Amino acid sequence: MRFFLIDRITRWEVGKAAEARKNVALSEDFFDDHFPRRPVMPGVLIIEGMAQLSGLLLEASLRERFGKNAKAILTILDKVKFRDLVKPGETLVYTTELTSLNEVSGKVSVQATREGRLIAATGMVFSFKDVDDPTLDGKRRALLDLWLGKHDA
C-alpha cells in the first residue's frame, strides 16, 4: 500500500526550507481503527508526513549542490515530541528546515502545526541511496510537480 501524507507544498526553497499542508479527512483509512468513535491521527503518520516533505527537500538539495540523484532514507529521529492530538477536519502544516547536507547524508529540523499551534517537532537524519531508475525518477518528479502546483490543468 502506498500512501502520501502531503496534499500541497506551499513553500519550496531548495537548500533551505519547505512547507506543506495535509488536510486530515475522516475518510482516511487509519481512522477505522485509530480509534473507533474517537478518531485520532496516529503520531507515526504525522512523522511520516514530515519525513516525506523533508526527504523531498533533501533530495532536491543534494541534486542542486552536488549533482547527485539519490533517495533520502530516514535513519534517525531525534527528540520527537508530540504536543496535541490531530482529529478529522483539521489541517496540518509541516515545516522543515535543512540544517546540514553532505554527499552521504542530510539533517533537518521539522515540525507540524495546526492553526499556528505546535503539534509535533523533531530532528531527522537521512542517508542517501543512489537511484538509477529513470521510471522511478520520473514518477517522483511528476508527484513533486503536482504538490507544487506545476501540473497541467
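Results, tabulated for the structure shown:
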read-out: Qualifying residue in region 32-46 (condition: in a strand (DSSP E or B), more than 21 Å from Gly138 (Cα to Cα) and modelled with pLDDT of 95 or more); value: no
read-out: Members of region 64-77 that are touching a residue at least 40 places away in the same chain (Cβ under 8 Å) and either buried (at least 22 other Cβ atoms within 10 Å of the Cβ) or more than 16 Å from the chain's Cα centre (by Cα) (or both); value: Glu64, Arg65, Lys68, Asn69, Ala70, Ala72
read-out: Close pairs from region 15-32: first under 14 Å from Gly89 (Cβ atoms), partner exposed (fewer than 12 other Cβ atoms within 10 Å of the Cβ), Cβ under 8 Å, at least 6 apart; value: Val24/Gly89; Ala25/Gly89; Leu26/Gly89
read-out: Residue count, region 127-140 (criterion: under 30 Å from Pro88 (Cα atoms) and either within 15 Å of the chain's Cα centre (by Cα) or surrounded by fewer than 11 Cβ atoms within 10 Å (Cβ to Cβ) (or both)); value: 1
read-out: Subset of region 86-132 (residues that are among the hydroxyl-bearing types (Ser, Thr, Tyr) and in contact (Cβ under 8 Å) with a residue 40 or more places away in the chain); value: Thr91, Tyr94, Thr95, Thr96, Thr122, Ser127
read-out: Qualifying residue in region 1-14 (condition: more than 22 Å from Gly149 (Cβ to Cβ) and at pLDDT below 95); value: yes
read-out: Some residue of region 37-49 being under 30 Å from Thr135 (Cβ atoms), in contact with a helix residue (DSSP H, G or I) (Cβ under 6 Å, 6 or more places away or on another chain) and of a type outside the set (Ser, Thr, Tyr); value: no
read-out: Flag for Lys81 being part of a strand (DSSP E or B), surrounded by 15 or more Cβ atoms within 10 Å (Cβ to Cβ) and in contact with a strand residue (DSSP E or B) (Cβ under 9 Å, 6 or more places away or on another chain); value: no
read-out: Residue count, region 10-31 (criterion: in a helix (DSSP H, G or I) and surrounded by fewer than 18 Cβ atoms within 10 Å (Cβ to Cβ)); value: 2
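The values are calculated or read from the model by the stated rules, or taken from the named source; none is laboratory data. The structure displayed is predicted, hence computed values, not measured ones. A quick note on method: Cβ atoms are made from the backbone with ideal geometry, for glycine too, and the neighbour counts reach across all protein chains shown.
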